[in-house]
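Structure first, then comments.
Here, each number is a calculation from the coordinates, and none is a lab measurement. All of these numbers come straight from a predicted model, not from anything done at the bench. Cβ atoms come from the backbone with ideal geometry, glycine included; neighbour counts cover every protein chain shown.
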Amino acid sequence: MVSDRRKNPQAVLFACGMNQVRSPMAAAIMKHFFGQRIFTESAGVHKGEHDPFVDAVMDEIGIDTQKTRPKTIEELEEWEGLNFDLVVTLAPDAHHRALDLTRTNDMEVEYWPTPDPTLAQGSREQRLAAYRQVRDMLLQRIRQRFNRGATGNE
């Protein structure tokens, strides 16, 4: 039986390797749909650098990510604690870290394997296409998983 807390989480953490592309995209999409109804944050196993390609592809769908700054799971734990109902991991290293966290924190973990668009080669447009693919994958997955109560603001 699936708990109500897992089905309808009130606080969600998106985690990836460096908190520079996938998890900030997912958190921004989630905040766009749910605003303050679901507390949403993102963090990485390691600290990365802000990625302007994320800003470019998110701006295409009307979501501003320019003020987001990468942070680690440890930094988040120090600043705010880890009071999340659900951790959605987007990379293998983040998934392993989240499973470690369940030893001392009462939270569910879901793994959504998501490609790393920073590995894309080619022209600027080809690289942006890889970021768009990840953005659209996350958008679809969030709509499917958290469809209850989405505002549909796009």
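The table below gives the values:
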{"read-out": "Among PHE39, ASN147, GLN126 - extreme Cα towards positive end, dipole of the chain, charges at beta-carbon", "value": "ASN147"}
{"read-out": "Footprinting exposure proxy for ASP106, ASP85 (fewest neighbouring C-beta atoms within 10 Å first)", "value": "ASP106, ASP85"}
{"read-out": "Sequence of LYS47, LYS31 once ranked by neighbouring C-beta atoms within 10 Å, starting from the fewest", "value": "LYS47, LYS31"}
{"read-out": "In nm, spacing of pseudo-spin labels at ASN105 and GLN133 (7 Å Cα→C-beta vector)", "value": "3.1 nm"}
{"read-out": "Rounded to the nearest 20 debye, dipole of the chain from Cβ charges on Lys, Arg, Asp, Glu", "value": "440 debye"}
{"read-out": "Net length gained if the chain between ARG69 and ARG37 were fully extended (0.36 nm per residue, minus Cα distance)", "value": "9.3 nm"}
{"read-out": "MRE, 222 nm, helices only [DSSP H, n ≥ 4, -39500 (n - 2.57), over the chain, to nearest 500]", "value": "-12500 deg cm²/dmol"}
{"read-out": "Estimated inter-spin distance, ARG145 and HIS46, nm [label 7 Å along Cα→Cβ]", "value": "2.3 nm"}
{"read-out": "Options [x] 0.94; [y] 1.10; [z] 0.99 - which one matches Cα Rg over 2.2 N^0.38 Å as calculated here", "value": "[z]"}
{"read-out": "Burial ordering of PHE53, PHE146, fewest other beta-carbon atoms within 10 Å first", "value": "PHE53, PHE146"}
{"read-out": "Choice from ALA130, ALA11, ALA120 with maximal GNM fluctuation in the chain (Cα, 10 Å cutoff)", "value": "ALA120"}
